[in-house]
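> Please see the structure below; I have some questions.
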Amino acid sequence: MLRNLTFLFILLVMMACAYGYEAVSDVAYIKTYRYQAHQKPVDIYYDNDRPVKEYVQFAVIEIKGAKYDNMNHLLNLMRQRAQAIGADGVMNVRKDYAVRERGLVTDAFFDEKPEKFTAPVFTGIAIKYVNESEEGRNP
């Protein structure tokens, strides 16, 4: 019994040491003020599209995909991250690609090389509308 529990513990620790198998997000704040998280819809503006409402820019959001992530999944993650930091929208959203690695942290002990892959990356600028009472949000 103890042997089985030890094996299960080691297996769980090894699984926790995996990297690169899920999308990751990062936020870089460009303002010191932080907004409340919310569950409202988040507007997405691509390239040079701009909101018609007055807004302030307060953070840069980056979403790096995993190996098989599709665009819809990554854009949903961007919306969720924007909600978590209190953004009403994300503007200047752009898609790019980056080389990522995935594997286990313990691979170095066994001379295993991590798998390299090209992942989609979405970046955008988080915005907060100045006058929340305005109507006419873009879907």
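> Mind checking which pairs have a first residue in the range 52-79 that is under 14 Å from VAL42 (Cα atoms) and a second that is open to solvent by 50 Å² or more (accessible area, probe 1.4 Å) and in a helix (DSSP H, G or I), Cβ under 6 Å, 6 or more apart or different chains?
Short answer, once both residue conditions are applied: ILE61/ARG81.
> Within the range 66-73, is even one residue among the acidic types (Asp, Glu), surrounded by fewer than 12 Cβ atoms within 10 Å (Cβ to Cβ) and modelled with pLDDT under 95?
Scanning the range 66-73, I find no residue that is among the acidic types (Asp, Glu), surrounded by fewer than 12 Cβ atoms within 10 Å (Cβ to Cβ) and modelled with pLDDT under 95, so the answer is no.
The values are calculated or read from the model by the stated rules, or taken from the named source; none is laboratory data. Everything numeric here is computed off the predicted structure, so don't read it as measured data. All Cβ positions, even for glycine, are placed from backbone atoms using ideal geometry, and neighbour counts span all protein chains on display. For the accessible areas, the whole protein counts, side chains as well, though only heavy atoms, and no ligand, DNA or RNA atoms are used. Shrake-Rupley method; radii C 1.70, N 1.55, O 1.52, S 1.80 Å.
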